[in-house]
Every structure is written in structure tokens, then in C-alpha cells.
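This report refers to the structure that appears directly beneath it.
The values are calculated or read from the model by the stated rules, or taken from the named source; none is laboratory data. Note that the coordinates shown come from a computational prediction; the quantities given were computed from them, not determined experimentally. Don't worry about glycine lacking a Cβ; one is built from the backbone with ideal geometry, like all the others, and counts go over all protein chains shown.
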Amino acid sequence: MRKTLMLIFAGLGTLVGVFLLSNLNEAFMNYSPELLKVTHRSNVDLKALTVKYPELTVEDTEKDIIRTPYGKSLWFATQLPSISGVIRANLIPIEPAFSMKKYVFELKQKLEHYSRGDFGTSGGYGSTKGILFKDQLKKMIPRTLTYLLPGLLFSILLGVGFSLLAFMRKSLGKLIDGIHMLLMGLPDFFVIVLIQLIAVYASRLTDKRVILIIQVGNEVPFLIPFLAITLIPAVLIYGTMRTAIGREMAQAYVVTAYAKGLGRSRVLLRHVFRNVLEDLLAIMPKATTIAVSSMAVAEVLCNIVGVGGYIIRPFYQDVSALPLMCTLLAVFTISLHGIFALIRKLLVVNTSEVA
């Protein structure tokens, strides 16, 4: 029970940390959070602005500078020009600085909006109204899961399957080990780009669109993100399982099984694999994290508006809910970690010596 509580607190702490770090940009400011310079016609008195907005005060009459409530200067800069006689209201530049006060203020504002069900908008410029984030999320999550979950499942099958095959067929095992070493030496980003380049050249050679490379309208690439999510975690799983199986193959019970006339395949599948299951479940949290990061990179390269790649499109660069998206990705990853931990607890029998 104590261990479970510690894991829950660790997960919650991770989520809070992700949310705080993803909002870190809010702590940097290059304009005054409470001063505005107002350009107005000569017949307009700055003090008249305080009639409509009592929270405003005149800071400097000669320089036409007014003071706003802290953190509201940007909002008032967009509202004041609507008053007759006010031409524009400009933010006052300051030397870039890190402000903990502004960071805390912005966090409080966001949490207040979230409590009201306002999770921000995506896109929207000038008079163009943005799309509600929660409405956009309903499309992005199913789109991403169509290749994330199958890719993660297939990576497990691929990693485990090839590790068993490498021990069943030693000559084939050397070839698989060589490919594994090559993929281990390549950066994840390079592997994904390589998959995309192969798809491009395959399409050029056949003069037909063999593989969809980028998202076009509602047509979303599947094979490229699927392979990216599959290959990179599979390489990690294969290496772990190869080492674990090699360790078990040197154990006395394997020698005994051979002495009784059992074949290599039967020993691997019925005895060894059962004992390396804990190694597989132990590496799965890390493999899951790699799969999620590979998904994000693949969506960016394929221009897919999914959970990990929606921000790369110009229309969505004005998103105000990016920290929430990062937190949702963390929730998904930690949830899978919890599932693997539960499976490990149910399937793996822990033994210890007693006095």
C-alpha cells in the first residue's frame, strides 16, 4: 500500500512538474505588465478613460502613460482603441527579464480559466475566431491513437519475436544483432527521416503515391508514423530481451531441460520466456515513453494535426492551451506506465529468502 501511494504521488508530482515547466515561458517578459502609452486626439483627456474603466489610473499626463492592473496591459491595449478619440494604446517595451510574479500571475489566470471549462483556443487572428481547444482535441486524440496504440503493440511483438528467433536460429541471430547495432547507433530523428525519404523515393520510382507522406485535408499518413513508433521501441525491447534470454540460457535448469531431451524452441517458449517476462515488463515504461516521443516527431515531419504535431501548422501557432496538451501527453504516458506496473504485479511472482 505504501509503495502504491508513493507511485501515485510520484505520478502526480510529474504531472505538476510538466504543467509548470510547459508554462515557464510565461515568466519572461519584454514589455511592462501594467503600463501603456496611449495615443489620442487633442480633445481627449486621459482621465476620461477612468470613467469607463475605473481600474485605470493616469501615471504620467505629459507622456500619456496610464497604469493598468498587473498583467492586464495587453488586454487593455486591445480594448482602449475602441473608445472614441483614442487612436491606439501601445505596450511599453522593457529590458527582457525573468519575473516570478508574472509567472505566478499567469498560472493563476490559467487555472481560473480551466476551472470554468475554458481551455483556450487554437488559431484565430484579428477578427478570425479561433477553434475551441476541447473541440479540436476530439479530432486529434482518435487521429493519434490510430497509429500510436497499434505501433506500440507491434513494437512489443517485433522486439520479443526477433529476440526469440535470434536464439532459435544462431546464424540468423548474427544478422539481427548487426541490424540492431546499426539502429542503436542512429539517432531517432534520423531513423524517422530515413523512413520518410524511402517513402518519397518509392513514390517517385513508381510515379504513383505509394505511401501518403504528409497530411492532405482529412487524409492522414499511417505507415510512416506507425513505423516510427514501432521500430525505435522495438530496438530497445530487442536488446533487453536478447540480454535477458542469454542470461537465462546459462542457468542450470536450461541444461537440465536439454539433458531430458527438450528441444531449443520448447525450452525458449515454455521455460525461458516465462522467466524473462519481468525484464520485458520492466523495460516497457521506457519503451512507451520513446514511442510517444517518436509519435510527436513523426507527426511534426508528416505535418499531421495530431496530439503531438498540431502546433507546427501556422493556423495553430496561436494556441493558448499548449501546456494542457503537454500535461495530457504526460497523463497518457503515466497511465500506460501504471498499466504495465499492474501487469507486472499480477504476472511476476517475487521470491525472497527467509531466515
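Exactly one condition in (1) modelled with pLDDT of 85 or more; (2) closer than 30 Å to Lys138 by Cβ; (3) among the basic types (Lys, Arg) is not met by Arg247; state its number.
Condition (2) is where Arg247 drops out.
Identify, by number, the condition in (1) free of Cβ contacts under 8 Å to residues at least 60 places away in the same chain; (2) surrounded by 15 or more Cβ atoms within 10 Å (Cβ to Cβ); (3) under 30 Å from Arg344 (Cβ atoms); (4) not small (Gly, Ala, Ser) that Arg2 doesn't meet.
With respect to (1) free of Cβ contacts under 8 Å to residues at least 60 places away in the same chain; (2) surrounded by 15 or more Cβ atoms within 10 Å (Cβ to Cβ); (3) under 30 Å from Arg344 (Cβ atoms); (4) not small (Gly, Ala, Ser), Arg2 is out only on (2).
Each row is one residue, and each column tells you yes or no for (1) within 15 Å of the chain's Cα centre (by Cα); (2) of a type in the set (A, V, I, L, M); (3) crowded, with 21+ Cβ neighbours inside 10 Å; (4) modelled with pLDDT under 85.
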site: Lys260; (1), (2), (3), (4): no, no, no, yes
site: Glu278; (1), (2), (3), (4): no, no, no, no
site: Lys286; (1), (2), (3), (4): yes, no, no, no
site: Val307; (1), (2), (3), (4): yes, yes, yes, yes
site: Tyr310; (1), (2), (3), (4): yes, no, yes, yes
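Take the stretch 37-92 and flag every residue that is of a type in the set (Lys, Arg) and under 23 Å from Gln109 (Cα atoms). Write out each step before concluding.
Of the residues in the stretch 37-92, the ones of a type in the set (Lys, Arg) are 37, 41, 47, 52, 63, 67, 72, 88.
Correct list: Arg67, Lys72.
Identify the single condition in (1) at pLDDT below 80; (2) assigned to a loop (DSSP other than H, G, I, E, B); (3) closer than 19 Å to Pro142 by Cβ that Asp318 does not satisfy, given that it satisfies every other one.
(3)
Taking the conditions exactly as written (in contact (Cβ under 8 Å) with a residue 24 or more places away in the chain and in a helix (DSSP H, G or I)), does Ile198 satisfy them or not?
Numbers: in contact (Cβ under 8 Å) with a residue 24 or more places away in the chain: no; in a helix (DSSP H, G or I): yes.
So Ile198 does not fit the description; no.
Looking at this structure, is Ile94 under 12 Å from Tyr31 (Cα atoms), at pLDDT 85 or above and assigned by TED's automatic domain parsing to the domain that holds Tyr31? Outline the logic, then answer.
Values: under 12 Å from Tyr31 (Cα atoms): yes; at pLDDT 85 or above: yes; assigned by TED's automatic domain parsing to the domain that holds Tyr31: yes.
Here the answer is yes, as Ile94 does meet what is asked.
Residue by residue, here is whether (1) small (Gly, Ala, Ser); (2) modelled with pLDDT of 80 or more; (3) surrounded by fewer than 14 Cβ atoms within 10 Å (Cβ to Cβ) holds:
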residue	(1), (2), (3)
Val200	no, no, yes
Asp207	no, no, yes
Val210	no, no, no
Val220	no, yes, no
Phe226	no, yes, no
Gly239	yes, yes, no
Phe273	no, yes, no
